[in-house]
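Chemist: For reference, the structure I am asking about is given below.
The values are calculated or read from the model by the stated rules, or taken from the named source; none is laboratory data. Every value quoted in this text rests on a predicted model; they were computed, and no experiment measured them. A quick note on method: Cβ atoms are made from the backbone with ideal geometry, for glycine too, and the neighbour counts reach across all protein chains shown. Accessible surface is based on the protein model in full, side chains and every heavy atom, while ligands, DNA and RNA are left aside. Shrake-Rupley method; radii C 1.70, N 1.55, O 1.52, S 1.80 Å.
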Amino acid sequence: MSISNYLKRTVIASSIVLCAAAGAQDIKLGFNGDLSASPSAQSGKAGVLGIEAAIADINAAGGVLGRKLALVIRDDQSQPPKSIQNMSDLIDNEKVAVVFGPTNSGNALAWKHIPNQKKVISMGMVGSGTDITKPMRPGADNYMFRVSMVDREQVAALVAYAARSGTKKIGLMGETTGYGQGGLKDLEEVAKLHGLTPLATEKFGVGDTDMTSQLNKMKAAGVDTILVWAQGTPTGQLVRSMEKINYFPTMLSSWAADNITFFDAAGKNLAGKPIFMRTIVSPSTPAQKKLFERTASKLAAPSAFPFVIHGYDATLLVAEAMKQAGTTDGAKVREALENLAKPVEGVKKTYAKPFSKTVHEGLVAGDLAFVKWDGDRLVEFSDDVVKALKPEDYKR
């Protein structure tokens, strides 16, 4: 064999080896969210557990497009500047195909322009702010998707409950964060759809421990039903403030009341005051029980388990979209998510065409349950009002 032919064969063989190595590279997925700082950090940790469990199962079944999935984790410490920095790092430096998270809604709103500009899927599974999945402008391609609770869907159910109860004496309260003010805006708009005008609207800081001043204004106005949007700890402090003035109106709150930080702040005797929504009450199906058994020992509290499910199901949907698209290219994956050809059997439910060009939410009001604390357990809540609710009551 001539030297030239030998060199040609060597180059060809080397190219084959390099291509094979490149083809075997992991598909990187990113997580960007709070894992350490805010009252919601335990939710971010639970979401990561769900993503990791799904990745393990997908890889065990052969991976995606002949490649394994790998997760790159970034803690944004609940800080918008840090979250923006993480987003750019994951997309530009780590070259992730998808970014999961964040934990806090305000952070998603701070960087949602980045995945839309870079054409990389952002799949939410914790933050519930309504505006997160709205396109940057009408008709624009939208790379923000979510499998989690949505503030507007919770509000639709809670205000429907208030309206169906027959009250006209509602009051609205919200913490001064982006999360709280976004939820307060939703409450105001949906209440208006039901013809309800708040008798009082009050705000409080996320670190406040005494809200008696705001509550006294509610009491003086004759409010008998308060709708509250805040994280777990301040919601717990609000209940304690109610005890101080012996004022316990019907309390309808955001799902942050399911957080152990709420329970710890409120205390066992007061934790049962709010009524709120959850995607599941407790593990009930065989798939849910199996996933709970795999992850329970790593959870801050059993109440965080829904976020495990959100992370797990969100990962399954992304993987299916990549398979359908035949690529990890962001634009192609977005198109596939908006037009999933076959149902995806998740742990929360089976997702049959959950997304479209205009709908990027995997879960809606019909997927939620009314819940409250009973002692130290979360239980499904039902009364004559809940039983009387009809689909047309859920106005958005």
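Chemist: Looking at region 283-305, which of its residues are closer than 28 Å to Tyr394 by Cα, in contact (Cβ under 8 Å) with a residue 12 or more places away in the chain and surrounded by fewer than 18 Cβ atoms within 10 Å (Cβ to Cβ)?
Modeler: Scanning region 283-305 gives a single hit, Thr285.
Chemist: Consider region 355-370. How many of its residues are within 26 Å of Thr295 (Cα to Cα) and of a type outside the set (D, E, K, R)?
Modeler: The qualifying residues number 6.
Chemist: Might you let me know whether region 57-71 holds any residue that is open to solvent by less than 40 Å² (accessible area, probe 1.4 Å), in a helix (DSSP H, G or I) and either hydroxyl-bearing (Ser, Thr, Tyr) or touching a residue at least 40 places away in the same chain (Cβ under 8 Å) (or both)?
Modeler: yes
Chemist: Out of the residues in region 325-347 meeting the condition of being of a type in the set (Lys, Arg) and surrounded by fewer than 20 Cβ atoms within 10 Å (Cβ to Cβ), tell me which one is modelled with the highest pLDDT.
Modeler: Among those that are of a type in the set (Lys, Arg) and surrounded by fewer than 20 Cβ atoms within 10 Å (Cβ to Cβ), it is Lys332.
Chemist: Condition check: buried (at least 20 other Cβ atoms within 10 Å of the Cβ) and either at positive phi or modelled with pLDDT of 95 or more (or both). Does Val308 satisfy that?
Modeler: Answer is yes for this residue.
Chemist: Counting residues that are among the aliphatic types (A, V, I, L, M) and open to solvent by 20 Å² or more (accessible area, probe 1.4 Å), which helices (runs of 4 or more DSSP H) fully inside region 200-271 reach at least 2?
Modeler: Counting at least 2 such residues, we get 212-221.
Chemist: Right, another one. Filter region 108-146 for residues that are in contact with a strand residue (DSSP E or B) (Cβ under 7 Å, 6 or more places away or on another chain) and among the hydrophobic types (A, V, I, L, M, F, W, C) and give the result.
Modeler: If the condition is that a residue be in contact with a strand residue (DSSP E or B) (Cβ under 7 Å, 6 or more places away or on another chain) and among the hydrophobic types (A, V, I, L, M, F, W, C), then Ala108, Val120, Ile121, Met123, Met125, Val126, Ile132, Met144, Phe145 are the ones that fit.
Chemist: Also, quick follow-up: Can you spot a residue in region 286-298 that is within 19 Å of the chain's Cα centre (by Cα), within 21 Å of Phe381 (Cα to Cα) and assigned to a loop (DSSP other than H, G, I, E, B)?
Modeler: For region 286-298, residues within 19 Å of the chain's Cα centre (by Cα), within 21 Å of Phe381 (Cα to Cα) and assigned to a loop (DSSP other than H, G, I, E, B): absent.
Chemist: Of everything in region 73-94 that's open to solvent by 50 Å² or more (accessible area, probe 1.4 Å) and under 16 Å from Thr177 (Cα atoms), which residue is farthest from the chain's Cα centre (by Cα)?
Modeler: Residue satisfying both the conditions and the ranking: Pro81.
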